[in-house]
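A.B. asks: For reference, the structure I am asking about is given below.
The values are calculated or read from the model by the stated rules, or taken from the named source; none is laboratory data. Keep in mind the model is a prediction, meaning the values are calculated, not measured. With ideal geometry, Cβ positions are generated from the backbone for all residues, glycine too; neighbour counts draw on all protein chains shown. For accessibility, only protein heavy atoms count, side chains too; no ligands or nucleic acids. Shrake-Rupley method; radii C 1.70, N 1.55, O 1.52, S 1.80 Å.
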Amino acid sequence: MDKRKALAESLIALGDDHLILGHRLSEWCGHAPMLEEDLSLPNMALDLLGQARNLYTYAGELEGKGRGEDDFAFLRTDREYKNLLLVERPNGDFAHTMLRQFYFAAFMEPYWQQILSNSSDETLRGIAGKAAKEMAYHIRHTGEWIIRLGDGTEESAKRVRAAVDALHHYTNELFTLTDAMRSAVEDGALPNPETIKPIWSNTIEHVFSEAFLTIPDVPFPQQGGREGHHTEAFGHLLSELQYMQRTYPGMTW
């Protein structure tokens, strides 16, 4: 596969992860359980959307077809999005949202760090410099909440355990490689997710031990997002995300 095309496809998929998760977090604006979180959750969403913009913009440059961030975000069909199934899962309750973000951030922080340290692509290293710091905050913030919920009341512990049961079987997809990503890894532009797995596992194990949570066995992990196969919830998300651009084609701010 052509190196530029492979990297562009890989960055679009990563951009999709950040766009969709950022949109999910934005749904909490005005609905969070406390004022601090009504500020923190939208700010984390903005971090993710900013990273998505950077990834889409660079992917468009590599692709050379004239597409930009709005084209990738708003003008594709559901099968053209290659985001992880984890990030499209509905918010559920507060425990579900915190755990979903924790799982994702625990992967992306070391992923960005490896890009920053080892990537052969200068533009990606520039994007990673800011993104790694943002993801470090996301790990700290969500990890503290997982501990508070797991080591809190009977009700909060019950809810976070239910979140683990609902979401953990989506985490294996974090470490899968598409053909395009494999090519980008071989070219030295992107890290191999398998090298991140021990770091991710250590982060999860550390927080779960303090939260009195057990990591479940997952004999049949759920995946397919990287191939464009999504859950029913994704269609509803996309109809809301794309509403303005579909209703008023070509609209700009």
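A.B. asks: Within the bounds of segment 22-39, is there any residue that is more than 23 Å from GLY228 (Cα to Cα) and crowded, with 21+ Cβ neighbours inside 10 Å?
C.D. replies: No: zero hits.
A.B. asks: Additional query: I'd like to verify a number: residues in segment 121-149 that are among the β-branched types (Val, Ile, Thr), open to solvent by less than 10 Å² (accessible area, probe 1.4 Å) and under 17 Å from the mean Cα position of the chain (by Cα), how many?
C.D. replies: Count: 1.
A.B. asks: Given (1) in contact with a Ser or Thr (Cβ under 6 Å, 6 or more places away or on another chain); (2) surrounded by 21 or more Cβ atoms within 10 Å (Cβ to Cβ), identify the lone condition not met by MET108.
C.D. replies: All conditions are met except number (1).
A.B. asks: Answer with yes or no whether ASN54 is open to solvent by 70 Å² or more (accessible area, probe 1.4 Å), over 22 Å from TYR81 (Cα atoms) and over 13 Å from the mean Cα position of the chain (by Cα).
C.D. replies: no
A.B. asks: If you don't mind, there's one more thing I want to ask. Any chance segment 160-172 includes a residue that's open to solvent by 50 Å² or more (accessible area, probe 1.4 Å), free of Cβ contacts under 8 Å to residues at least 24 places away in the same chain and basic (Lys, Arg)?
C.D. replies: no
A.B. asks: Which of the residues belonging to segment 83-120 are part of a loop (DSSP other than H, G, I, E, B), under 10 Å from the mean Cα position of the chain (by Cα) and not polar (S, T, N, Q)? Can you show your working first?
C.D. replies: Kept after step one, since they are part of a loop (DSSP other than H, G, I, E, B), are these residues of segment 83-120: 83-84, 89-93, 119-120.
Those still in the list that are under 10 Å from the mean Cα position of the chain (by Cα) too: 83-84.
Within segment 83-120, LEU84 is the sole residue that qualifies.
A.B. asks: Out of everything in segment 39-82 that is among the polar types (S, T, N, Q) and part of a helix (DSSP H, G or I), what residue ends up being farthest from TYR111 (Cα to Cα)?
C.D. replies: Selected residue: SER40.
A.B. asks: Within the bounds of segment 231-239, is there any residue that is in a loop (DSSP other than H, G, I, E, B) and within 23 Å of the chain's Cα centre (by Cα)?
C.D. replies: yes
A.B. asks: What number of residues within segment 184-216 are in a loop (DSSP other than H, G, I, E, B), closer than 14 Å to TRP112 by Cα and in contact (Cβ under 8 Å) with a residue 60 or more places away in the chain?
C.D. replies: 4
A.B. asks: Still on this structure, please answer the following. Give me the pairs, please: first residue somewhere in segment 221-238 and within 13 Å of ILE20 (Cβ to Cβ), second residue anywhere and small (Gly, Ala, Ser) and not in a helix (DSSP H, G or I), beta-carbon distance under 8 Å, and either six or more positions apart or on two chains.
C.D. replies: Sorted first by the residue in segment 221-238, then by its partner, the pairs are HIS230/GLY224.
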